[in-house]
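A.B. asks: This structure is in C-alpha cells; I'll ask about it shortly.
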C-alpha cells in the first residue's frame, strides 16, 4: 500500500494498529520490511517503511534527515510511535529520532552500524573496503556502485553470491534457503537498479558520521548477532555505552547480519505489542 503525495512508502501489518516506522538498510529497499508482516498482523502493528532512496538527492545531511522527519509527521501527526532501524538504516533512524524524540516510545536497532571513527571497526567488517573507498576514493566507490547496478540488471544472482561470499554465522545457512535467497535477490536488485543514487548518499553520510547521538527520552533496544561480520558485535557494545538513558543490548548468539534481522522481528513485534 503506497501513500499519496509523500515519498514512496510501503505498509505492513494492520491499517489501524500501533504505528511503527522502519528504516531499511543500505543496500536495502522498502520490501526488506516484509519480514515483519505476519508478526505485525499478529500484534496489531502498522509498520510504515519510507523509501529513502526515492528522495531527491542532496549533498547535505541535515535537510535529508529533516525531510524524513517531515514525512513521518505526515503519518504520525502528534501520535507516539516506535522506531526500527536495520544495519546502516540504524544510523539514519538515530539522526531522525533526534528530531522527533518527544513522540518516540522505543527505538529498536538491529545489526546496527556504529560510527566508523569510534573504533577499529572497519578493519573487522566484511564490507570494510567499500567504506574505505567511500571515504578515501569516492570516484572509485561510485564506479563500484555503477558496476553493482549493471550486475543487478544483468546478473542479480551473481551479485548476491558476491555480497554473501563472506557470510558468517547463521547467514551462511540463511543464504542457502530458497525463500530468503529469492527475497534478498529482489531487494538487492531493486536497490542498485533503481536506488543507486540514494544508496550512495546514505553510505557517504554514514562514513562521515561524527558519532554524535542526541537521544535523550527514548528506550533503546539493540539486537545484534555475536557472529556479525558486516556490523561487528563491537559496534553494538559501543552504541550501548555511547547512548544515554535506558539502553538494552540483546546478544543474539551465533547469528550474523540478516539472520539477526529474521530472529529479532517476531520478538520486537511482540515487545511493541505488549507495551
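The values are calculated or read from the model by the stated rules, or taken from the named source; none is laboratory data. As the structure is a computational prediction, the values presented were derived from the model and not from experiment. Note that each Cβ is placed from the backbone with ideal geometry, even for glycine, and that neighbours are counted across all protein chains shown.
A.B. asks: Do you know which of the residues in the range 201-220 that are within 17 Å of the chain's Cα centre (by Cα) and not in a loop (DSSP other than H, G, I, E, B) is farthest from residue 123 (Cα to Cα)?
C.D. replies: Restricting to residues being within 17 Å of the chain's Cα centre (by Cα) and not in a loop (DSSP other than H, G, I, E, B), the top hit is 220.
A.B. asks: So, one more: Could you please find all residues in the range 211-220 being out of contact with any helix residue (DSSP H, G or I) (no Cβ under 7 Å at 6 or more places or on another chain) and surrounded by fewer than 22 Cβ atoms within 10 Å (Cβ to Cβ)?
C.D. replies: 212, 219
A.B. asks: Another question, then. Is it true that residue 168 is farther than 29 Å from residue 59 by Cα, touching a residue at least 40 places away in the same chain (Cβ under 8 Å) and either out of contact with any helix residue (DSSP H, G or I) (no Cβ under 9 Å at 6 or more places or on another chain) or not in a helix (DSSP H, G or I) (or both)?
C.D. replies: In short, yes.
A.B. asks: If we scan the range 257-264, do we find a residue that is buried (at least 22 other Cβ atoms within 10 Å of the Cβ) and assigned to a loop (DSSP other than H, G, I, E, B)?
C.D. replies: no
A.B. asks: Then there is this: Going by what's in this entry, would residue 90 be described as within 23 Å of residue 236 (Cβ to Cβ), part of a loop (DSSP other than H, G, I, E, B) and touching a helix residue (DSSP H, G or I) at 6+ places or on another chain (Cβ under 9 Å)?
C.D. replies: no
A.B. asks: Which of the residues that make up the range 119-135 are free of Cβ contacts under 8 Å to residues at least 40 places away in the same chain and surrounded by fewer than 16 Cβ atoms within 10 Å (Cβ to Cβ)?
C.D. replies: Passing the criteria: 120, 123, 129.
A.B. asks: Also, quick follow-up: Say whether the condition of being within 18 Å of the chain's Cα centre (by Cα), in contact (Cβ under 8 Å) with a residue 12 or more places away in the chain, part of a loop (DSSP other than H, G, I, E, B) and at positive phi is met by at least one residue in the range 179-196.
C.D. replies: Within the range 179-196 (the criterion being within 18 Å of the chain's Cα centre (by Cα), in contact (Cβ under 8 Å) with a residue 12 or more places away in the chain, part of a loop (DSSP other than H, G, I, E, B) and at positive phi), the answer is no, since none of the residues qualifies.
A.B. asks: For residue 194, all conditions in the list (1) farther than 19 Å from residue 173 by Cβ; (2) at pLDDT 95 or above; (3) surrounded by fewer than 19 Cβ atoms within 10 Å (Cβ to Cβ); (4) out of contact with any strand residue (DSSP E or B) (no Cβ under 8 Å at 6 or more places or on another chain) hold save one; what is the number of the exception?
C.D. replies: Evaluating residue 194 over (1) farther than 19 Å from residue 173 by Cβ; (2) at pLDDT 95 or above; (3) surrounded by fewer than 19 Cβ atoms within 10 Å (Cβ to Cβ); (4) out of contact with any strand residue (DSSP E or B) (no Cβ under 8 Å at 6 or more places or on another chain) leaves (2) as the failure.
A.B. asks: Restricting attention to the range 221-234, which residues are touching a helix residue (DSSP H, G or I) at 6+ places or on another chain (Cβ under 7 Å) and outside any loop (DSSP other than H, G, I, E, B)?
C.D. replies: 222, 223, 224, 225, 234, listed by residue number.
A.B. asks: Give the number of residues within the range 18-74 that are closer than 26 Å to residue 145 by Cβ, part of a helix (DSSP H, G or I) and in contact (Cβ under 8 Å) with a residue 12 or more places away in the chain.
C.D. replies: Number of matching residues: 16.
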